[in-house]
Amino acid sequence: MKHLLSTSLIFSCLLSSVPAADKKKVETTVDTPKWRQWELGSSAPVPADKVLSAFRIAPGFKLELFAAEPMVVDPVCMAWDGNGRAWVVEMRGYMPDVSGTGETSLKVGKVIVLEDTNNDGRADKKTDYLDGLIMPRAIAMVQGGVLVAEPPNIWFCQDTDGNLKCDKKTKVASFARQGPVEHTDNGLVPCLDNWMYNAKSNKRFMFRDGKMITSTARFRGQWGICQDDYGRLYTTSNSRYLNSDWDMYHNPTGFANAAVRTSDINSIRPNPGINRGYKPEMLRKDGRLARITAISGPGVYRADRYPEEYAGAAFIPEPAANALTSHLFKETDKGLGTAEHKLFLDENFQKREFLCSTDERFRPVNVYSGPDGCIYVVDLYRGILQHKVYVTGFYLKPYILERKLEVPVGMGRIYRIVHKAKGRDKNQPRLLSASNTELVKTLSHPNGWWRDTAQRLLVQRNDPKSVPLLKKAVVAADNHLGRIHALWALEGINALDLATIETGLEDEHNKVQMTALVVSGRLRATIDQDKTIVAVQALGKSKLEQVSKLSEQMVKRLKGEIMAKSGGAPKIKKMPKGDHGESVKRGIEVYNTLCITCHLADGKGADNLAPPLANSDWVTGSPERLIRIALHGVQGPIEVNGSRYRHPEVMPGLGLALKDQQIADVLTYIRTAWGGKSQVEEKDVKRVRTTHKDRVLPWNVKELLEIK
C-alpha cells in the first residue's frame with residue numbers, strides 16, 4: 001500500500017519536469033484507454049465466503065480465512081499478545097474516494113482485538129480496544145499495555161479495568177508526521193536486541209517503566225519491517241523486493257542489500273490499474289504486471305510447520321499484482337546467500353508466484369509469522385490501492401472510476417497459509433501468566449514468535465530471580481537459538497557479566513559466538529573491559545569471515561576506536577578571561593583524552609554509548625550533580641531534556657584517574673561550551689570528594705535529583 005504510491009511519485013516528478021507540449025502529447029496517448037484491450041473480469045468485491053476460490057497457491061499449501069469484514073475493516077498491520085490474541089490496526093480513513101477526501105481529519109481508525117475462542121482457526125470474537133484514530137499505522141505489545149503509532153504521536157494505551165478497552169492514553173514519543181502512507185514512518189517491531197525498529201525511519205524505541213527511550217538507527221525501508229532468527233532486519237522499497245542487514249544488524253559495518261536480484265512479478269490476471277500503466281515497460285503484452293511497483297511489508301518464516309526449505313524464507317506482498325511472492329535464502333560462511341525467487345508452474349501463464357488471486361481487490365500489505373507456525377497475510381481489500389498524492393489524473397483516476405473501484409469501502413481480510421501435511425500448531429499460548437522457568441524454556445521453542453515473546457516478557461518483568469535461569473540457559477538451552485535469546489534477555493535486564501559472555505564466545509555455534517561478541521560491548525568502560533577485549537580477540541582467528549570481522553570490530557568498539565560521526569568541537573564565541581578561561585583550555589585537553597569517545601567532539605553523544613552534553617539540562621543545572629557524576633559515575637537510565645537514554649547503564653567515575661583540578665577543568669569546559677555557565681572550582685571538587693571518600697558505587701539518578 002505504500003509502494004503503490006512510489007510508482008506515482010516517480011511519474012509525477014517526471015511529468016512535472018517535461019515541457020507542456022510533451023506533457024500534452026503523453027496525455028493524448030490514452031484517449032483510448034489502454035486497459036480496454038484486455039479481459040479484466042469483474043471488479044466487484046468477492047464475498048468472503050467465496051473468495052478462496054479466487055486464489056492459486058503453491059502446491060502442498062492451502063489458504064484459510066482467519067477474519068473478514070465486518071469483523072475486521074481496512075487492516076494494515078497486526079501483532080499478538082502473550083496469550084495469542086491478535087491486535088489489528090485498522091486504517092479506516094485511507095482513501096475514502098479517489099481524491100482521498102478528508103483522509104487526515106477522519107477520526108475513524110481503530111485498534112481491535114480478535115480471538116479464536118474455540119481454537120478452530122477462525123476469529124470468532126472481536127473487541128474494539130481503541131477508536132477515534134487518524135490514519136494509525138503501527139502497534140507493539142509492551143509492559144502494561146500497547147503502543148499505537150498515530151503520526152505525529154506514539155500513544156501508550158492501557159486497559160485499567162480489565163474489559164479489554166483502552167481507558168487511558170498517554171503520549172510517550174513523537175512519530176514523524178501525517179503524510180503519504182508509504183512515505184511515513186511505520187513499524188514498532190520488537191527485535192532481538194530489545195529495541196523496536198521502524199521502516200521509513202531512522203528512529204528506534206525502547207519502552208521501560210511507562211516511558212519511551214528514543215535512539216537513532218539506520219534509515220531503512222518504506223512500508224513494513226521484520227527480523228529473522230538472528231536479528232537481521234528486512235525492509236522493502238516499492239520497486240525492490242528486499243533490503244537486509246547482511247550480517248547481524250548490530251555489526252557496525254554490516255549493512256548491505258540482500259541478494260534478491262530480480263524485479264519480475266508473475267500474477268494470474270491483468271494488472272493495468274497502476275500509476276504508470278500507460279508506460280509499455282510496466283505491463284506484459286497480456287496486461288499482467290511486468291515489474292514490481294508496490295512491494296509492501298515483508299515477513300520472514302520462523303517456525304517448523306512448513307517444509308525445511310522455507311526456514312528463513314521471505315514472503316513479500318505485491319498488492320498491485322494481487323500476489324504474494326516467496327524468496328528462499330541459504331546461510332553461507334559470509335552470511336545470507338543469494339535468494340531464490342521461488343516460482344510455480346501455472347497452466348495459463350507458465351509460471352506464477354507463491355500466492356496469486358484473480359480478485360483485483362486483493363491487496364496484501366503486510367505479512368507475519370504467527371504463533372501457530374503459519375504465515376498470516378493482512379489484506380487491505382480495497383479497489384483503490386494508490387494514495388491520492390500519486391493517482392495519475394489522466395490514466396489511473398479514469399481507470400478507477402470506470403471500473404467502479406471507489407466503492408465499496410470498509411472491507412478487509414486476514415488470511416493464514418497452512419501446509420497441508422503439517423497443519424497449524426493448535427497449542428494456544430498462555431505466556432502472560434507463565435513462570436520465569438517456563439519463559440526461559442520457551443526461549444528454545446521452534447517458533448520464533450514464541451521465543452521473541454518469552455524474551456520480551458522476561459525483560460519486561462526484570463525479575464532478579466530469572467538471572468540464574470538465563471545464565472544456565474546460555475550454557476544448556478535446548479538449541480542455539482535458546483542460547484542467543486538468553487544472552488539478549490540478560491542484556492535487556494542489565495545482568496550480563498564476563499563469565500557469561502565468555503561462555504557465549506566459546507559456544508560451538510557461530511551465531512551464538514556472534515551474539516556474545518555483540519553484547520560484549522556492554523562491558524565497555526567497566527572494570528572487566530580489558531579482560532573482555534582479550535576474550536573477544538580470540539575469535540579474530542575464526543575461520544568464518546563473519547565471526548573474525550565482527551571480533552575485530554568489537555575490539556575496536558571496546559577500546560573506543562569506533563566513534564560516531566561528530567560535527568566537530570563547539571566554537572566558544574567569547575572565551576572567558578582569567579582563571580575561568582585558563583580552566584576551559586585545560587579542560588579541553590582532558591575532554592579530548594577521556595570524554596570524546598562517548599560524548600563526541602560536538603557533545604551530541606555516540607548512539608548506544610552516552611547521552612548528549614550539548615543542550616543538556618544536566619550540564620546547565622546543578623554543578624554539585626556534575627561533580628558527583630565525574631567523581632563516582634552514574635547508573636542509568638537517565639533522562640536528558642525529556643528524552644530517556646538507556647546507554648550506558650553505568651558511566652564510570654573518573655575520581656581515581658583525575659585530580660581535583662582536572663575534574664574542575666573538564667566540567668568548566670563542558671558547562672562553558674554547552675551552556676554558558678559558571679566555572680567549577682577545584683575547592684568544590686575537593687569538598688565533595690572528601691565528603692564521600694568512602695563511596696564506591698556510582699550515583700543513581702534519583703539520588704542526584706535530590707541534590708540542588
>> Checking L385 against (1) outside the structural domain of A67 (by TED's automatic domain parsing); (2) touching a helix residue (DSSP H, G or I) at 6+ places or on another chain (Cβ under 6 Å); (3) in a loop (DSSP other than H, G, I, E, B), only one condition comes out false. Which one?
In response: (1)
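Taking G605 as the residue in question, decide whether it is assigned to a helix (DSSP H, G or I) and surrounded by 21 or more Cβ atoms within 10 Å (Cβ to Cβ). It would help to see each step written out before you state the result.
Working: assigned to a helix (DSSP H, G or I): no; surrounded by 21 or more Cβ atoms within 10 Å (Cβ to Cβ): yes.
It is false that G605 is assigned to a helix (DSSP H, G or I) and surrounded by 21 or more Cβ atoms within 10 Å (Cβ to Cβ).
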> Can you pull out the residues in segment 257-302 that are under 27 Å from the mean Cα position of the chain (by Cα) and of a type in the set (V, I, T)?
Replying inline: V260, T262, I265, I292, T293, I295, V300
> Which is within 29 Å of G578 (Cα to Cα), of a type in the set (S, T, N, Q) and free of Cβ contacts under 8 Å to residues at least 40 places away in the same chain, of T690, T620, T668?
Replying inline: T690
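So which of V409, V378 ends up being part of a loop (DSSP other than H, G, I, E, B), among the β-branched types (V, I, T) and assigned by TED's automatic domain parsing to the domain that holds N83? Full working, then the answer.
Details: V378 fails: part of a loop (DSSP other than H, G, I, E, B).
Checking each option against the conditions leaves just V409.
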> On the given criteria, is K426 closer than 30 Å to I57 by Cα, of a type outside the set (A, V, I, L, M, F, W, C) and surrounded by fewer than 16 Cβ atoms within 10 Å (Cβ to Cβ)?
Replying inline: yes
> Of all residues in segment 81-108, which are buried (at least 20 other Cβ atoms within 10 Å of the Cβ) and within 22 Å of the chain's Cα centre (by Cα)?
Replying inline: G82, G84, R85, A86, W87, V88, V89, E90, M91
> When segment 417-474 is examined, which residues are found to be in contact with a Gly (Cβ under 7 Å, 6 or more places away or on another chain) and basic (K, R)?
Replying inline: K420, R424
> Which residues, counting only those in segment 159-172, are buried (at least 16 other Cβ atoms within 10 Å of the Cβ) and either of a type in the set (S, T, N, Q) or closer than 18 Å to T214 by Cβ (or both)?
Replying inline: V172
> Does K125 satisfy the condition of being closer than 23 Å to D185 by Cα and among the basic types (K, R)?
Replying inline: no
> Hey, does segment 431-439 have a residue that's under 14 Å from G492 (Cβ atoms), surrounded by 18 or more Cβ atoms within 10 Å (Cβ to Cβ), in contact with a His (Cβ under 7 Å, 6 or more places away or on another chain) and of a type outside the set (F, W, Y)?
Replying inline: no
>> For a quick check of your reading of the model, give me the residue pairs whose first member lies in segment 111-122 and is of a type in the set (D, E), whose second is not in a loop (DSSP other than H, G, I, E, B), with beta-carbon atoms closer than 9 Å and at least 6 apart or on different chains.
In response: E115/A86; E115/K125; E115/K126; E115/T127; D116/F66; D116/A86; D116/K125
> Just one of M135, M141 is at positive phi and either in the same structural domain as V181 (by TED's automatic domain parsing) or crowded, with 16+ Cβ neighbours inside 10 Å (or both); which is it?
Replying inline: M135
>> Can you pull out every residue in segment 109-132 that is closer than 15 Å to V148 by Cβ, among the hydrophobic types (A, V, I, L, M, F, W, C) and surrounded by 22 or more Cβ atoms within 10 Å (Cβ to Cβ)?
In response: V111, I112, L130
>> Just to verify a result, which residue in segment 94-110, among those that are touching a Leu at 6+ places or on another chain (Cβ under 8 Å) and in contact (Cβ under 8 Å) with a residue 60 or more places away in the chain, is nearest to Y376 (Cα to Cα)?
In response: Y94
> Of all residues in segment 537-560, how many are modelled with pLDDT of 85 or more and among the basic types (K, R)?
Replying inline: 4
>> Residue pairs, Cβ under 7 Å, 6 or more apart or interchain, first in segment 543-567 and within 21 Å of T526 (Cα to Cα), second basic (K, R) and at pLDDT 85 or above. List them.
In response: I562/K556
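Run down A199, A217, A259 and say which single residue is more than 28 Å from M78 (Cβ to Cβ) and either at pLDDT 90 or above or surrounded by fewer than 21 Cβ atoms within 10 Å (Cβ to Cβ) (or both). Give the derivation first.
Numbers: A199 fails: more than 28 Å from M78 (Cβ to Cβ); A217 fails: more than 28 Å from M78 (Cβ to Cβ).
Residue meeting the stated conditions: A259.
Can you list the helices (runs of 4 or more DSSP H) found entirely within segment 612-708 that contain at least 1 residues being under 34 Å from the mean Cα position of the chain (by Cα) and under 28 Å from V519 (Cβ atoms)?
Of the helices (runs of 4 or more DSSP H) lying wholly inside segment 612-708, those with at least 1 residues that are under 34 Å from the mean Cα position of the chain (by Cα) and under 28 Å from V519 (Cβ atoms) span 617-620, 623-632, 701-705.
The values are calculated or read from the model by the stated rules, or taken from the named source; none is laboratory data. Please read these numbers as outputs of a predicted model, since none were measured by experiment. Every residue, glycine as well, gets a Cβ built from its backbone with ideal geometry; the counts of neighbours run over all protein chains shown.
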